[in-house]
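Visitor: Here it is: the structure, laid out below.
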Amino acid sequence: MGGFFGLASKIDAVNDVFFGTDYHSHLGTKRGGMVAYSEEKGFQRAIHSIENSPFRTKFEDDIESMEGNLCIGCISDTDPQPILLRSKLGVYAVCTVGIINNDDEIRNEIMSDHLQSFEVMSSGKVNWSTVAGALIAQKDSFEEGIRYMQEKVKGTLSLMILTENGIICARDKDGRLPIVIGRRYDGWCCSFESFAFQKLGYETYRELLPGEIVKLTPSGCEVLSEGHTDMNICTFLWTYYGYPNSVYEGVTVETMRTRNGEIMAQTEIANGTLPDVDYVCGIPDSGTPHAIGYANGSHIPFARPFIKYTPTWPRSFMPQNQKMRNQVAKMKLIPVHELIEGKRLLFVDDSIVRGTQMRETVEFLYENGAKEVHMRSACPPIMYGCKYLNFSRSTSELDLIARKIIFEREGEEGSAYIKDYADRNTERGKFLRDEICRRLRLTSLEFQSLEGTVKAVGLPEEKLCTYCWNGKE
């Protein structure tokens, strides 16, 4: 995934962008970047790896020398960015969030028509922001170029462009990702996350529409190209990605998650499948509010039988060595023995993707004396690798535990019965749940239904992207 923050201000913008970008650190773990512009210093850029330390610690020194009333910053889980480009449109910086699935096709077309070369990273891959910038440069204005880029890209791409006289923001044409505009008496900002600017004294102006393009200057927000109301916003923003106090399309993440857990519990009560357990618990961190909602809806006490120790290793995948990463992941889980030994526990997690991490967690609980471990997934079984964002992207859909089990049972023909496997009331659905229980050593397992997930969000289903669950494009 990734996130970005930009500010056009009547005063120096660097400090606010530093803090606003840092508030997107939950969305990416690979690269962070900032670019500022001032007439005296021109474009100033800093990019750092954030795999082994947080964004804030890497950029504290940079912001001391950077200056300008125009500035953008980004957190990226893919490419180093923002990038600096020079074309007939001038000199400008570009950063993007999303993925381009047809980047090879686009590069070959551009190179064939314009004899253009592309700088490649050490991996041999071309930076997606470079691809976007090359498409935009084919036209005579940023507005026209961005619209052209939006039509050519297959996937999802939202972007910010920093020019010498403003910041241009464009939301992806399908609205799978959010962009919100904020304002303060001395400037205008754009952000992936709405809460990122509220602590800085900005108030929400409005969210961009899908496909909309705007230009921010210190004195205002100008619409360059109108958006539209057809939207397919990613439902995982609420289920998993979003920070608890994030708001997308008027729906707060924490509120959705709590409501989602309540709906799951109410459904189980109605079906007569609510298990007899001592505590309802959440898999930290994103599973916790779902579990609180489940506890509220079932009237079963909520408890935290294990705690993640994060002060020294906030991310289990930080170390470069895989053996060390596995050890850190294990070291982070600290049991509360009184809440585990001899207890029947029901856990709620945001999702079940490959099942590897969940298997380790379940084994950890049994090793510490748990009597039963029940699991509830806060969303339906993931059946398709995401082709619009980076969530559940795999080299093969057989990496997904649900698809792997279906394939092992029915081969390629099993893909015709995915809807049956997602439904707990069918023979295939019961088999899937029983088999995952067997493999992960669970006492029982259930998934939130698609209908329940949509109800928890509160938006019409046609406005939500649900591809990873039902393959609907």
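Visitor: Read through the list (1) assigned to a helix (DSSP H, G or I); (2) farther than 17 Å from P218 by Cα, then give the number of the only condition that D16 fails.
Guide: Unmet condition: (2).
Visitor: For residues in the range 338-357 being over 24 Å from G297 (Cα atoms) and at pLDDT below 95, which is surrounded by the fewest Cβ atoms within 10 Å (Cβ to Cβ)?
Guide: T356
Visitor: Residues that are aliphatic (A, V, I, L, M): find the strands (runs of 3 or more DSSP E) completely inside the range 184-236 holding 2 or more of those. First the steps, then the outcome.
Guide: Working: elements: 187-191, 203-207, 213-217, 220-225.
Fully inside the range 184-236 and qualifying: 213-217, 220-225.
Visitor: Restricting the range 407-466 to residues that are crowded, with 18+ Cβ neighbours inside 10 Å and small (G, A, S), which is nearest to P210 (Cα to Cα)?
Guide: Ranking the qualifying residues of the range 407-466, first place goes to A456.
Visitor: Yes or no: the range 450-464 includes at least one residue that is part of a strand (DSSP E or B) and either among the basic types (K, R) or in contact with an Asp or Glu (Cβ under 8 Å, 6 or more places away or on another chain) (or both).
Guide: First pass over the range 450-464, keeping only residues part of a strand (DSSP E or B): 464.
Filter once more, so that each one left must be either among the basic types (K, R) or in contact with an Asp or Glu (Cβ under 8 Å, 6 or more places away or on another chain) (or both): none.
Checking the range 450-464: not a single residue is part of a strand (DSSP E or B) and either among the basic types (K, R) or in contact with an Asp or Glu (Cβ under 8 Å, 6 or more places away or on another chain) (or both).
Visitor: Sort out which residues of the range 19-53 are assigned to a strand (DSSP E or B), under 20 Å from the mean Cα position of the chain (by Cα) and surrounded by fewer than 24 Cβ atoms within 10 Å (Cβ to Cβ), and write them in order of number.
Guide: Of everything in the range 19-53, those that are assigned to a strand (DSSP E or B), under 20 Å from the mean Cα position of the chain (by Cα) and surrounded by fewer than 24 Cβ atoms within 10 Å (Cβ to Cβ) turn out to be R31, S49.
Visitor: Among the residues in the range 256-268, are any within 21 Å of the chain's Cα centre (by Cα), in a loop (DSSP other than H, G, I, E, B) and either among the small types (G, A, S) or modelled with pLDDT of 95 or more (or both)? Show your work before the answer.
Guide: Taking the range 256-268 first, the residues within 21 Å of the chain's Cα centre (by Cα) are 256-261.
Next, from what is left, pick out any that are in a loop (DSSP other than H, G, I, E, B): none.
No; the residues of the range 256-268 include none that is within 21 Å of the chain's Cα centre (by Cα), in a loop (DSSP other than H, G, I, E, B) and either among the small types (G, A, S) or modelled with pLDDT of 95 or more (or both).
For every residue, the table says whether it meets (1) closer than 14 Å to I401 by Cβ; (2) part of a helix (DSSP H, G or I); (3) out of contact with any strand residue (DSSP E or B) (no Cβ under 6 Å at 6 or more places or on another chain).
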site: E338; (1), (2), (3): no, yes, yes
site: E341; (1), (2), (3): no, no, yes
site: L345; (1), (2), (3): no, no, no
site: V348; (1), (2), (3): no, no, no
site: V353; (1), (2), (3): yes, no, yes
site: E360; (1), (2), (3): yes, yes, yes
site: G369; (1), (2), (3): no, no, yes
site: V373; (1), (2), (3): no, no, no
site: R376; (1), (2), (3): no, no, no
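Visitor: Looking at (1) closer than 30 Å to G369 by Cα; (2) without any contact (Cβ under 8 Å) to a residue 60 or more places away in the chain, which is the one condition that is false for E473?
Guide: (1)
The values are calculated or read from the model by the stated rules, or taken from the named source; none is laboratory data. Note that the structure is a prediction, hence the values are computed from the model and not measured. Don't worry about glycine lacking a Cβ; one is built from the backbone with ideal geometry, like all the others, and counts go over all protein chains shown.
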